[in-house]
1. Quick one: in the range 547-579, which of the residues that are more than 26 Å from Arg596 (Cβ to Cβ) and of a type outside the set (A, V, I, L, M, F, W, C) is surrounded by the most Cβ atoms within 10 Å (Cβ to Cβ)?
2. Can you give me the number of residues within the range 86-115 that are over 29 Å from Arg170 (Cβ atoms) and outside any helix (DSSP H, G or I)?
3. Before we move on, is Asp104 in contact with an Asp or Glu (Cβ under 9 Å, 6 or more places away or on another chain) and free of Cβ contacts under 8 Å to residues at least 12 places away in the same chain?
4. Could you list, in sequence order, all residues of the range 580-603 that are under 25 Å from Ala420 (Cα atoms), small (Gly, Ala, Ser) and buried (at least 19 other Cβ atoms within 10 Å of the Cβ)?
5. Residues in the range 375-398: is at least one at pLDDT 95 or above, part of a loop (DSSP other than H, G, I, E, B), within 30 Å of Gly601 (Cβ to Cβ) and among the hydroxyl-bearing types (Ser, Thr, Tyr)?
6. Do you know which residues across the range 124-143 are part of a helix (DSSP H, G or I) and either surrounded by fewer than 19 Cβ atoms within 10 Å (Cβ to Cβ) or among the hydrophobic types (A, V, I, L, M, F, W, C) (or both)?
7. Identify all residues within the range 75-108 that are more than 19 Å from Val143 (Cβ to Cβ), touching a strand residue (DSSP E or B) at 6+ places or on another chain (Cβ under 8 Å) and at pLDDT below 90; write none if there are none.
8. From the set of residues in the range 343-362 that are modelled with pLDDT of 95 or more and either outside any helix (DSSP H, G or I) or of a type in the set (Gly, Ala, Ser) (or both), which is farthest from Thr157 (Cα to Cα)?
Amino acid sequence: MISLLDSIRGPADVKKLGKNQLDALAAEIREVLVRITVKNGGHMASNLGIVELTVALHRVFDSPEDKIIFDVSHQTYTHKLLTGRNGAKFEKLRLTGGYGGFSDPNESEHDAFVAGHAGTALSVALGFAYSRDRMGDGGGSHVVAVLGDAAMSCGMTLEALNNLPSCTKRLIVIVNDNKFSIGGSVGAISAHLSKILRSGLYRALTAAIKKMLGNGSAGKAIVRNVRNLKRAIKGLFLPTSYFEYYGLRYFGPIDGHSIAQLEEIFEFCKCADGPVLIHVKTTKGQGYADATNWPEKFHGIDPNATTAKNFRAQEERISHGEILGRELLALARSDKRIVVVVAAMGYGTGLAYLRDNLPEQYVDVGIAEEHAVTFSAALAKAGMRPVCAIYSTFLQRAFDQILHDVCVQNLPVVFCLDRAGVSARDGATHHGIFDLSYLRMIPNAVILQPKDGQEFINMLHSALVWRRPTFIRYQRFCRLNGKVDSLKFSQFLDIGVGEEIVAGEKVCLVAIGNMVDLASDVASELRGSGITPGIINARFAKPLDGRMLARVAEEYEIIATLEDNALAGGFGSAVMEFYEGIGKTARVMRFGWPDRFIKHGSSIDILRAENGLTADEIAAKIAAAVDAGTRG
């Protein structure tokens, strides 16, 4: 017997289902979501929490004519299942050859926009609504923005709210509230009033009063005063005044796990004569006990992290975040000036240690990277020792604040950039392969990357005493040089001084960070071809170790740079610019990520293989260059 989910090939099939079939459909979807995320990894809790909401959206609205924009689109797994993507490619979700974990118009016409970072949906929705109103295309179509409650703290969302009244008179905004951050204690009162306001009797009565009073100035004044009185009464109980200030009519909270209630409010709001905000209450991880009990841990999981116990087993692989959290906790206990600043990623960056043990030295600003950076700048100016920990891909949003508020004043903020390099299963919006390029152009910046956990600790301690804007980038998991317990601070590093690991002949491999391991593998391949390369751990992308690089150019025929960053403007480019600056001719071969957006894949190794970054391919290219030079 075919399942309900397997019978759905698009939103039209969702609309055909009887209301008595919808709970069964939601249960089937949850079974698939749990099975796929356990197997492949991915965003479990957020997707389990939005199942009924997504079903209701596709029963009421007509995608793709109606634009449904999710913020962040990591919560679109159910949407994908209901828009023709259930099947073999969904089974490989986030893996090589499967669908991506975020919305992507290249996958389906039902995905209106690429959205990997939070806070963009309202701006996108306003753009679509403005275009619809301006051009008259799809005049009857709807634009729906689905925001997470955390996105309401994001600067872009607030900027879009400010712009909303002047952009459109017809927009539906849904706030998916799964953390009780809006109006939790007055839900019963607000739900009752919302039901009255959307009832047919209320609408008929309002229309009758308007008709009776006519269009005269006195009649308009009465209608306006009645409306103001209604808003004033609602304002005693509901958080409406804030949203209505921006021209949004507030409805809610609505039970986000009741498809019937959701359909009712959506149908009503389709006929609204102005922009509306629907406040929906959901439970993150709904239907899966561990995800409900530990929503932060199960927000995004690794493959086979099926329970909290398995999650702990996964974490036996030491992460840079784990090291950072442990080390900063010890440092902060002895120095009250140390303040950790995060942007809604305390658990992911490893700094929940500070949150749980030294909350007075821990500041989570929410999804507000720009504010996090400028706030940290002011802390440094006031004599504090701020450590600002933000994922590489998210720090991109704060480029101006880094340049204008931190580096112009040469302020000693230590930035810890987690997830630098490729984030294999997340894909193009999350790969942290651009930070070396966009940071190294900024004066006063010190940029470095550790080759292992021990070096990471030394870099952290050093950065706190350098009194410079310092950026330490690192991939998620860490290579250990010994046992975890043996990782202790051992030496201060000098700014701009690298490390020669081994001397060689003809070829020198100059690598930074995790690419030192790849350089060692390349060296092994080259030795099999009769070439004995030298290996240098550069440590610094800025400033470079000029003395060492100048010597290398004298001693070797070929200098090969290896970086886990885009080649365009990256570490290899910095080395070439250095040689140009000192008037030195050097034969430099650069190895890094090509000038295109890298798609998602099952593993980092697979992505490297697809982009020519394996040890054997790199070694073959270097050996060919050596051979060509010898013949020449």
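The values are calculated or read from the model by the stated rules, or taken from the named source; none is laboratory data. Predicted model, so just to flag it, every value in this text is computed and none were measured. Glycine gets a Cβ as well: all are built from the backbone with ideal geometry, and neighbour counts include every protein chain shown.
1. Among those that are more than 26 Å from Arg596 (Cβ to Cβ) and of a type outside the set (A, V, I, L, M, F, W, C), it is Tyr556.
2. Final tally of qualifying residues: 12.
3. When the stated conditions are applied, Asp104 passes them.
4. Gly592, Gly601
5. Yes; the residues of the range 375-398 include at least one that is at pLDDT 95 or above, part of a loop (DSSP other than H, G, I, E, B), within 30 Å of Gly601 (Cβ to Cβ) and among the hydroxyl-bearing types (Ser, Thr, Tyr).
6. Val124, Ala125, Leu126, Gly127, Phe128, Ala129, Tyr130, Ser131, Asp133, Arg134, Met135
7. Of everything in the range 75-108, just one residue is more than 19 Å from Val143 (Cβ to Cβ), touching a strand residue (DSSP E or B) at 6+ places or on another chain (Cβ under 8 Å) and at pLDDT below 90, namely Gly101.
8. That would be Leu358.
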